[in-house]
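Before any comments, here is the structure.
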Amino acid sequence: MQLILILFVIAGGMGLSVEAGLLGPLGGEVGDLWATFSVFGVGAALTFLLMLFFSPRNSPSFFSQPSWQLLGGVLGPIYVIILTIATPAIGIAMTMIGILAGQVFKSLIIDHYGLLGTPHRKIDSKRIIALGFIIAALVLVAQG
């Protein structure tokens, strides 16, 4: 099961690279904020349809959840705006590796301290080395 989830995550990452490639030109044509709005508008419509057919009817109310958990609704558009602006300027590879470096760095901190309700996973030398390789990849791609 874990291997299947890892493959899904890799496929999701590939999808983000395609999204970045689509957003750059779209942002150049209609503007960065309109491109971001289009991504979230289409995504919201698709999610709504999926909820209608696949969401359990007896799930807890969305509005009864802690408000801090809705922060992703703020972070998502910021991420997409960054993709839309950065991708045409520095390319998809640089954008994605930079995002990956930021994700891994922050994820290590979140895991280490068990933030946001996640279990504690201590930072060890293997995790630091992995982050180092990602940073090295960022440097190498930037020089290439």
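If LEU5, LEU83 are ordered by their accessible area, calculated over protein heavy atoms with a 1.4 Å probe, which sequence runs from highest to lowest? Show your work: numbers first, answer last.
Numbers: LEU5 90, LEU83 0 Å².
I get LEU5, LEU83, largest accessible area first.
Probe radius 1.4 Å, ligands and nucleic acids left out: which of PHE63, PHE40, PHE8, PHE48 has the largest accessible area, and how do the rest follow?
Largest to smallest exposure gives the sequence PHE63, PHE8, PHE48, PHE40.
Considering the values (1) 50, 45, 29; (2) 59, 37, 23; (3) 37, 33, 30, which represents Cα extents along the principal axes in Å as calculated for the structure under consideration?
Among (1) 50, 45, 29; (2) 59, 37, 23; (3) 37, 33, 30, the one calculated here is (1).
Report the Cα centroid-to-centroid distance between segment 1-68 and segment 88-144 in angstrom, as an integer.
Here the two parts' Cα centres lie 22 Å apart.
Which residue, PRO25, GLN143, ILE123, has the largest displacement toward the positive end of the dipole of the chain when charges sit on each Cβ (Lys, Arg +1; Asp, Glu -1)?
Positive-most Cα among the choices belongs to ILE123.
Carbon and sulfur together cover what percent of the accessible area of segment 64-134 at a 1.4 Å probe radius?
73 percent
From largest accessible area down, sort MET1, MET94, MET51, MET14; use a 1.4 Å probe on the protein chains.
In descending accessible area the options line up as MET1, MET14, MET51, MET94.
How high is the relative contact order of the chain, in percent, with contacts defined as C-alpha pairs under 8 Å that are six or more residues apart?
This gives 24 percent for the chain.
Using a simple spin-label model with points 7 Å from Cα along the Cα→Cβ vector, what separation in nm is obtained for PHE54 and ILE129?
About 3.8 nm separates the two model spin labels.
Please check: in the Gaussian network model of the chain (C-alpha springs, under 10 Å), which one of PRO25, PRO88, PRO66 has the largest mean-square fluctuation.
PRO66
Would you tell me the accessible area of ASP32, worked out with a 1.4 angstrom probe on the heavy atoms of the protein chains, in Å² to the nearest 10?
About 60 Å², ignoring ligands and nucleic acids.
Give me the 1.4 Å probe accessible area per residue for segment 57-114, excluding ligands and nucleic acids, in Å².
65 Å²
Which of ALA89, ALA45, ALA101 moves most in a GNM of the chain, Cα contacts under 10 Å?
Among ALA89, ALA45, ALA101, the largest GNM mean-square fluctuation belongs to ALA45.
The values are calculated or read from the model by the stated rules, or taken from the named source; none is laboratory data. In this text, all values refer to a predicted model and were calculated from it rather than measured experimentally. Neighbour counts run over all protein chains shown; Cβ positions are idealised from the backbone, glycine included. For accessibility, only protein heavy atoms count, side chains too; no ligands or nucleic acids. Shrake-Rupley method; radii C 1.70, N 1.55, O 1.52, S 1.80 Å.
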